[in-house]
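Asks: The structure is given below, and queries will be raised subsequently.
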Amino acid sequence: REVVFALAELASIALHRGDAETAEERCQEALAIARDLGDPRATSGALSILAEVARTKGEHERALAVSEEAVGLRRALGDPLLIVDSTYHTGVTAFGAGDLDRAGREFEASLSLARELGDSLYAGGALCMLGTVALLKDDLPLALDRLHASLAIYAELGDRRSTAECLCALGGYAAAVDQPEQAARLWGAADLLRGDSPL
């Protein structure tokens, strides 16, 4: 199991360095070992990273299938933190594929579970994504409500990168309501906050 988790971490590092092919190789190694072990926790961990790799490569259907398998394994394990993680990332995958309805359902489920667990990080992430989904669906009051709720959580956590993501979405809201100067200020603030971290 530890080898699987180490390979999955190496895959994640490779992905964040922009090397999707190495990330794919490490994920496939991790997944093969986890399946040989018959270890659902290790398998779900490898699948979660593999879904991120597939998303990065633009393979949205594969990413969604892999995400769904990971969620199924984690639900069977009954670990609520693993479930909220997989549900959130299934939402991200659906969002990347352009399925806003599915993404919204996954983020709502993730938010509900995160609130039950008292997990601010996933609650903030789900709210930010729900705000972004609402913005793209032109439900501007809901977008503003969700984004402000997310921003409050990120401010409390002191999470600069996530605050930057939320400010980007709020910039989109400002642009949508014909406030270009406010949008520019928000996007500039987000750029300063994120530093070298990509959005």
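Asks: Could you please give the count of residues in segment 35-49 that are free of Cβ contacts under 8 Å to residues at least 12 places away in the same chain and part of a helix (DSSP H, G or I)?
Replies: 2
Asks: So which residues in segment 106-119 are farther than 13 Å from residue 132 by Cα and touching a residue at least 12 places away in the same chain (Cβ under 8 Å), if there are any at all? Can you show your working first?
Replies: If we filter segment 106-119 for residues that are farther than 13 Å from residue 132 by Cα, which is where we start, we get 106, 109-119.
Passing the criteria: 106, 109, 110, 111, 113, 114, 116, 117, 119.
Asks: Write out, first by first residue and then by second, each pair whose Cβ atoms fall under 7 Å of each other, whose residues are 6+ apart or on separate chains, and whose first residue, in segment 20-34, is over 15 Å from residue 56 (Cβ atoms) and part of a helix (DSSP H, G or I) while the second is open to solvent by less than 60 Å² (accessible area, probe 1.4 Å) and of a type in the set (Gly, Ala, Ser).
Replies: Listed pairs, sorted by first residue: 30/8; 30/11; 30/46; 31/46; 34/42; 34/46.
Asks: Could you grab the pairs with beta carbons closer than 9 Å, sequence gap of 6+ or different chains, first residue in segment 178-191 and touching a residue at least 24 places away in the same chain (Cβ under 8 Å), second one charged (D, E, K, R) and part of a helix (DSSP H, G or I)?
Replies: Close Cβ pairs satisfying both conditions: 190/165.
Asks: Let me spell it out: the conditions are (1) modelled with pLDDT of 95 or more; (2) under 28 Å from residue 109 (Cα atoms), and residue 162 meets all of them except one. Which number is the exception?
Replies: Among (1) modelled with pLDDT of 95 or more; (2) under 28 Å from residue 109 (Cα atoms), residue 162 violates only (1).
Asks: A follow-up question, please. If we keep just the residues of segment 50-77 that are open to solvent by 50 Å² or more (accessible area, probe 1.4 Å) and not in a helix (DSSP H, G or I), which is farthest from residue 14 (Cα to Cα)?
Replies: Quick first cut of segment 50-77, residues open to solvent by 50 Å² or more (accessible area, probe 1.4 Å) only: 56-57, 59-62, 65, 68-69, 75-77.
Within this subset, residues satisfying the condition of being not in a helix (DSSP H, G or I) are 57, 59.
Numbers: 57: 13, 59: 18 Å.
Among them, the one singled out is 59.
The values are calculated or read from the model by the stated rules, or taken from the named source; none is laboratory data. The model shown is predicted, which means the values in this text are computed figures rather than measured ones. Positions of Cβ are generated from backbone atoms using ideal geometry, with glycine treated the same way; all protein chains shown enter the neighbour counts. Please note that ligands, DNA and RNA were not included when accessible areas were found on the heavy atoms of the full protein model with its side chains. Shrake-Rupley method; radii C 1.70, N 1.55, O 1.52, S 1.80 Å.
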